[in-house]
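Take a look at the structure below.
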Amino acid sequence: MKIEFTEGKASALTFIWPDDWHTHVRDLEVMKAVVPITAKLFRRAVIMPNLVPAVSNLNMLKAYEERVLTAALLYPDFQPIMTLAITPKTTPADIKMCRRAGIRAAKLYPAHATTNSKEGVAHIRSLAPIFCEMEGVEMILLLHGETLRFPNGNRVSPFKKETVFVQTELPWILENFPKLKVVLEHITTAEAAELVLSNKYPNLAATITPHHLIYDVCDLFEGGFQSAFFCLPVLKDTSDKEALRRAATSGHPRIFIGTDSAPHSLAKKTDPCGCAAGVFVGSAALSMYVQVFDEMNALENLESFLSFNGPRFYGMAMNDNFIRLVRKPWRAEPPMRISGEGEFWQFGHRPGENMSQEFEWTMESKLAA
Ligand code: DOR
Ligand code: ZN
C-alpha cells in the first residue's frame with residue numbers, strides 16, 4: 001500500500017481493489033439500483049441468499065447470478081460470489097452439486113433470526129450430514145451466529161444472542177467438523193472477536209461491518225430509537241465496539257471486510273409495527289472503514305483487512321488492480337426512488353443534516369493493474 005502524506009498526515013492511499021465478503025443486493029428493481037453501488041467500490045462481492053424464497057438450490061443460484069450480472073453490466077470487472085442458503089430441506093447431494101458447479105460457500109441462518117430467515121434452520125445439530133459433506137467437498141460455512149432460545153425454550157436477550165452462540169453451537173460445529181472452514185459473519189461482541197484472535201480454531205474467520213466499528217447501542221438510542229442503525233445482530237456496548245476495532249485493525253489474517261449492506265425501503269425502516277433490520281451502508285462503506293483504521297493509527301493493516309485476508313481465506317486470487325482514496329469529506333448520497341418499492345436512504349442521509357463531515361475519506365479512482 002502506498003500512503004501519501006501532507007504536512008505529516010496521511011492524505012492519499014493507493015492499494016489493491018477491495019472485495020466485499022458479505023452483502024445483500026436483493027432482487028428485481030431494488031437489485032438493479034443496488035448492484036452498481038457495490039460494483040463501483042468492490043471488485044467482488046459475496047451475495048447473501050436471503051431472498052423470498054431463499055436461494056436454496058443450484059437452479060435458483062444460477063438464475064440469481066445471471067440477474068446480478070445483468071444489473072452489473074456497466075461494471076464488467078465486477079464478480080458476484082454466489083452463496084447457497086441452507087434450509088431444513090438441504091441435502092448433502094445439493095451441497096455436492098453446488099460445489100461441483102463452483103459455488104464456494106453456503107449460508108446458515110437460524111430460523112427467524114433476521115430479515116427473510118423463516119426458511120432458516122431451527123436445530124443446527126440436525127445439519128451434521130450437511131456440515132460433513134461441506135467439510136469433504138471444501139465448501140465454506142457462513143454463519144449468522146445468534147442463538148434465539150435456551151434449551152428450556154426461554155428467549156435469549158438480543159444483547160446475548162451472539163455470545164450464547166459463540167459459547168454453544170459454534171464450538172460444537174468447529175470441534176465436530178475440524179476441517180470445515182467457517183466464517184462467523186458480522187461479529188458484534190468482544191467474545192466473538194477474542195475467540196477468532198485466540199487462534200483456538202484455525203479454520204474460523206470473521207467479517208466485521210463498518211457500522212459495528214463506528215457505532216454502538218448508545219447511538220441506537222441517542223435522541224430516540226434510530227431506525228437507520230437497527231440491524232441484526234444489534235449494535236452492542238461501547239466495550240464491544242472497542243474490541244471489534246482492535247480486532248479489525250490488528251492485522252489478524254482471518255478477520256476481514258463484510259459490509260452487510262442491507263437495503264430496506266424507508267417505509268420498512270420506519271414501520272410502526274416493526275422496523276426492518278439492516279443498515280444500507282452502500283457507498284459509505286469504504287470511507288467508514290478507512291476512518292476507523294486512520295483513527296486507530298493502523299493504516300498499515302488496512303489493505304490486509306480490505307483486500308488480502310478475504311481472498312486468502314476463500315482460496316481465491318488477490319485482485320491485481322488498485323484503488324485510490326483521498327482525505328476529502330465524504331458526501332452522503334441522496335435518497336433513491338425505486339419504482340414500485342418506494343424511497344431508499346443510503347447510510348448517512350438524514351433530511352436537513354449533512355453527515356459528510358463525519359467521514360474524512362473518499363474514493364477518488366480505480367486504477368488498472
Ligand atoms: O440486519 C440485518 N439485515 N441482518 C441480517 O442478518 C440480514 C440483513 C438483511 O437481509 O436485511
Ligand atoms: Zn447480512
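The values are calculated or read from the model by the stated rules, or taken from the named source; none is laboratory data. Predicted, not measured: the structure shown is a model, and the values here were computed from it. Here Cβ is always computed from backbone atoms with ideal geometry, including for glycine, and neighbour counts include all displayed protein chains. Ligands, DNA and RNA are excluded from the accessible area calculation, which covers all protein heavy atoms including side chains. Shrake-Rupley method; radii C 1.70, N 1.55, O 1.52, S 1.80 Å.
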Answer yes or no as to whether Ala39 is of a type outside the set (S, T, N, Q), out of contact with any helix residue (DSSP H, G or I) (no Cβ under 7 Å at 6 or more places or on another chain), part of a helix (DSSP H, G or I) and within 16 Å of ligand 1 (Cβ to nearest atom). no
Considering residues that are outside any loop (DSSP other than H, G, I, E, B), away from ligand 2 (no atom under 16 Å from the Cβ), over 15 Å from the mean Cα position of the chain (by Cα) and modelled with pLDDT of 95 or more, the number found within region 223-276 is 11
Of (1) under 17 Å from Pro233 (Cα atoms); (2) touching a residue at least 40 places away in the same chain (Cβ under 8 Å); (3) out of contact with any Lys or Arg (no Cβ under 7 Å at 6 or more places or on another chain); (4) not acidic (Asp, Glu), Thr163 satisfies every one except (2)
Taking region 277-287 and keeping residues in contact with an Asp or Glu (Cβ under 9 Å, 6 or more places away or on another chain) and either part of a loop (DSSP other than H, G, I, E, B) or surrounded by fewer than 24 Cβ atoms within 10 Å (Cβ to Cβ) (or both) leaves Gly278, Val279, Val281, Ser283
Criterion first (farther than 21 Å from Leu302 by Cβ and more than 15 Å from ligand 1 (Cβ to nearest atom)) does Pro233 satisfy it?
no
Of (1) within 15 Å of Leu51 (Cα to Cα); (2) out of contact with any Ser or Thr (no Cβ under 7 Å at 6 or more places or on another chain); (3) in contact (Cβ under 8 Å) with a residue 12 or more places away in the chain, Ala63 fails just (3)
Checklist entry - Residues in region 214-223: is at least one over 30 Å from Arg350 (Cα atoms) and out of contact with any helix residue (DSSP H, G or I) (no Cβ under 6 Å at 6 or more places or on another chain)? => result no
Pairs returned, first residue in region 253-264 that is over 15 Å from Val46 (Cα atoms), second residue that is within 12 Å of ligand 2 (Cβ to nearest atom) and among the acidic types (Asp, Glu), beta-carbon separation under 8 angstrom, 6 or more apart or interchain, are none
- Has region 67-87 got any residue that is over 25 Å from Glu333 (Cβ atoms) and part of a helix (DSSP H, G or I)? no
Restricting region 128-155 to residues that are of a type in the set (A, V, I, L, M, F, W, C) and within 16 Å of ligand 1 (Cβ to nearest atom), the one surrounded by the fewest Cβ atoms within 10 Å (Cβ to Cβ) turns out to be Leu148
Hey, any hits in region 190-207 for a residue that's away from ligand 1 (no atom under 16 Å from the Cβ), β-branched (Val, Ile, Thr), without any contact (Cβ under 8 Å) to a residue 60 or more places away in the chain and closer than 20 Å to Glu146 by Cβ?
yes
Among the residues of region 288-298, the number that are assigned to a helix (DSSP H, G or I), over 21 Å from the mean Cα position of the chain (by Cα) and not charged (D, E, K, R) is 0
Picked from region 1-26 (must be within 15 Å of ligand 2 (Cβ to nearest atom) and open to solvent by 10 Å² or more (accessible area, probe 1.4 Å)), the residue farthest from Leu299 (Cα to Cα) is Arg26
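Yes or no, residue by residue, for (1) surrounded by fewer than 18 Cβ atoms within 10 Å (Cβ to Cβ); (2) within 21 Å of Pro36 (Cα to Cα):
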| residue | (1), (2) |
| --- | --- |
| Glu300 | yes, no |
| Arg312 | yes, no |
| Gly315 | yes, no |
| Val326 | yes, no |
| Trp330 | no, yes |
| Pro335 | yes, yes |
| Trp345 | no, yes |
| Gln357 | yes, no |
Of the candidates Arg100, Arg125, Arg43, Arg104, the one satisfying the condition of being buried (at least 20 other Cβ atoms within 10 Å of the Cβ) and not β-branched (Val, Ile, Thr) is Arg43
The correct count of residues that are in contact with a helix residue (DSSP H, G or I) (Cβ under 8 Å, 6 or more places away or on another chain) and part of a helix (DSSP H, G or I) in region 146-178 is 9
